[in-house]
Amino acid sequence: MPENEEFTPDSLIEMKNIVIRKNGRIILDSIDFNMKNGENIAIIGPNGSGKSSIIKTITGDYRPIADTPGMTFRIMEKNRWYISDLKKLMGIVSGELQLEYMREITVSDVVLSGFFSSIGIYPNLRIRPYMLEITDEVIDFLEIRHLADKNISELSTGEARRVLIGRALVHNPMILVLDEPTNSLDLKSKHKFRETVRKIAAAGKSIILVTHDLEDIIPEIERVVLLKEGKIFADGNIEDILTTEKLSDLFGIPIEISKDKGYYHAWC
């Protein structure tokens with residue numbers, strides 16, 4: 001995986017007293033959230049709790065209310081970004097993005113398109129030799145060389161999700177954001193996907209995982225943030241946060257938890 005030697009801030013995200021209003025309604029209320037370089041964090045919450053909203057705030061799609069008292073919002077130690085520049089420092093993988101790619105585009109071109117934030121490769125794009133080299137490196141790193149010449153529309157959902165990770169990694173983002181990454185994957189695909197994410201974490205990439213499935217939380221994630229009704233319900237070390245009491249309160253139903261081989265499991 002390519003290394004980034006030019007820009008390595010200690011702090012990736014600083015959010016204090018962040019309020020987001022959408023269509024006249026407050027969807028994030030007084031959010032305090034920080035992330036240091038090298039951290040891996042899981043964000044968990046019920047539907048409508050604000051998980052997607054906090055990601056869209058981090059990526060610049062949502063803007064905090066500027067005159068909120070005590071508000072601080074810094075991404076990678078800067079107060080202001082052009083959204084296009086900011087998104088080059090983040091890699092995002094989601095089911096929504098995958099739907100955009102259900103076309104006749106080869107896996108190699110899907111991965112390469114991460115340099116241009118485009119859906120596929122177009123004739124007017126200036127493709128440089130180093131981009132092709134990095135594309136090959138990422139394909140080999142993710143062990144998807146056997147898929148390189150296939151169209152992404154021919155792949156299984158799990159294979160396509162791994163290809164999109166490659167697209168997110170080619171421009172060497174500071175943060176890899178995985179938004180509900182195992183939705184619609186079967187058990188084998190989920191296992192393979194999680195092993196891929198573990199490999200990325202072991203390579204030193206900072207990860208934000210947004211999920212409602214505890215089994216998505218790989219052992220390399222040591223911090224968990226719980227969201228409820230647009231507010232942070234709890235934030236801390238995984239052992240302190242993923243408890244029967246906290247998750248039962250979060251989801252409003254009795255939940256039991258177990259841990260096996262570094263993975264958490266929950267049932268009602």
Handout entry: Relative contact order (%) - the chain, alpha-carbon pairs under 8 angstrom, separation at least six
Key = 25
Practice task
Compare the peptides 225-235, 20-30 by average per-residue count of other Cβ atoms within 10 angstrom and give them in order, highest first.
Solution key: 225-235, 20-30
Handout entry: Normalised contact order of region 92-171, rounded percent, pairs of Cα under 8 Å and 6 or more residues apart
Key = 50
Exercise for the section: Could you give the size of the charge dipole of the chain about its Cα centre, using +1 on the Cβ of each K and R and -1 on the Cβ of each D and E, expressed in debye and rounded to the nearest 20? Expected result: 620
Completion exercise
Under Stokes-Einstein, region 92-171 at 25 °C and 0.890 mPa s, with its Kirkwood radius over C-alpha pairs, diffuses with a coefficient in µm²/s of 201
Problem - For peptides 249-257, 188-196, sequence by mean Cβ density within 10 Å, most packed first - result: 188-196, 249-257
Exercise for the section: Sort the following peptides by mean Cβ neighbour count (other Cβ atoms within 10 Å, averaged over residues), highest first: 89-101, 68-80. Expected result: 89-101, 68-80
Exercise for the section: Measure off 7 Å from each Cα along the Cα-to-Cβ vector at residue 80 and residue 8, then give the distance between these two points in nanometres to one decimal. Expected result: 2.9
Problem - Interchain or long-range residues, amide H under 5 Å from residue 27's placed H - result: 20, 21, 22
Handout entry: Rounded to the nearest 20 debye, dipole of region 92-171 from Cβ charges on Lys, Arg, Asp, Glu
Key = 180
Practice task
Can you bin region 218-264 into rounded, prolate or oblate? Criterion: square roots of the alpha carbon gyration tensor eigenvalues sorted a ≥ b ≥ c, rounded for a/c under 1.5, prolate for a/b above b/c, oblate for the rest.
Solution key: oblate
Problem - Dipole moment magnitude, nearest 20 debye, region 44-199 about Cα centre, only Lys, Arg, Asp, Glu C-beta charged - result: 400
Fill in the blank from the handout: Expressed in angstrom and ordered largest first, the alpha-carbon extents of the chain along the principal axes are 50, 44, 35
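A short reminder: the numbers here are calculations on the coordinates, not readings from a lab. What you are looking at is a predicted structure, and each value in this text was computed from that prediction instead of being measured. Every residue, glycine among them, receives a Cβ derived from its backbone with ideal geometry; neighbour counts consider all protein chains shown.
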